[in-house]
Amino acid sequence: MKTKGHGSTELNGEVVAMVCGVVERVNKLVYVCTLRAIYKPEVGDIIVGRVIEVAPKRWRLLDTNYSQDAVLMLSSINLPDGIQRRRTAEDELNMRSIFEENDVICASQISYHYGSYNGELVL
């Protein structure tokens, strides 16, 4: 049995495309990638972006192929020592040793907010 995904629906027991595009299959999931659509990130998507700003407790990312910037919070990453602990002011001062401007990173979308940023990411 096939499972309907983005751009598809079930009609009379069959999965059919609701938009014009390329049919993609991942295991039993069937979805349609539209040919002329603006990318809108979904929770769980893998986002690739370039760091454009190191701000207090966060990195701002650009080049995510979306009209707005993304945010990677300091609290969302595993620190270099690998220990899960509360982030301190010292961690915030050392943010540039983890990522600095123009670094390209890959992260997973964990939430989406309408507004100045397109969502929160996690490594």
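The values are calculated or read from the model by the stated rules, or taken from the named source; none is laboratory data. Keep in mind the model is a prediction, meaning the values are calculated, not measured. Note that each Cβ is placed from the backbone with ideal geometry, even for glycine, and that neighbours are counted across all protein chains shown. Keep in mind that these areas ignore ligands, DNA and RNA; they rest on the heavy atoms of the full protein, side chains included. Shrake-Rupley method; radii C 1.70, N 1.55, O 1.52, S 1.80 Å.
Structure values in brief
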{"read-out": "Unmet criterion (only one of (1) outside any strand (DSSP E or B); (2) open to solvent by less than 50 Å² (accessible area, probe 1.4 Å); (3) at pLDDT 75 or above) for ARG96", "value": "(2)"}
{"read-out": "Whichever residue in the stretch 33-74 is in contact with a Cys (Cβ under 8 Å, 6 or more places away or on another chain) and among the β-branched types (Val, Ile, Thr) and, among such residues, is least open to solvent (accessible area, probe 1.4 Å)", "value": "ILE47"}
{"read-out": "Selected residue (only one of GLY13, GLY82, GLY21, GLY44 is in contact with a strand residue (DSSP E or B) (Cβ under 6 Å, 6 or more places away or on another chain) and modelled with pLDDT under 85)", "value": "GLY21"}
{"read-out": "Criterion violated by ASN27 - all others in (1) surrounded by 11 or more Cβ atoms within 10 Å (Cβ to Cβ); (2) at pLDDT 85 or above satisfied", "value": "(1)"}
{"read-out": "Pairs, first within 11 Å of GLN109 (Cα to Cα) in the stretch 36-58, second assigned to a strand (DSSP E or B) and at pLDDT 90 or above, C-beta under 7 Å, six or more apart", "value": "VAL48/VAL104"}
{"read-out": "Enumeration of residues in the stretch 1-20 that are open to solvent by less than 60 Å² (accessible area, probe 1.4 Å) and on the phi > 0 side of the Ramachandran plot", "value": "GLY7"}
{"read-out": "Any hit, the stretch 11-34, residues being assigned to a loop (DSSP other than H, G, I, E, B) and either closer than 15 Å to SER108 by Cα or of a type in the set (Phe, Trp, Tyr) (or both)", "value": "no"}
{"read-out": "Contacts under 9 angstrom Cβ, first residue in the stretch 6-22 being over 21 Å from ASP45 (Cα atoms) and among the charged types (D, E, K, R), partner modelled with pLDDT under 80 and outside any loop (DSSP other than H, G, I, E, B), 6 or more apart", "value": "GLU10/LYS4"}
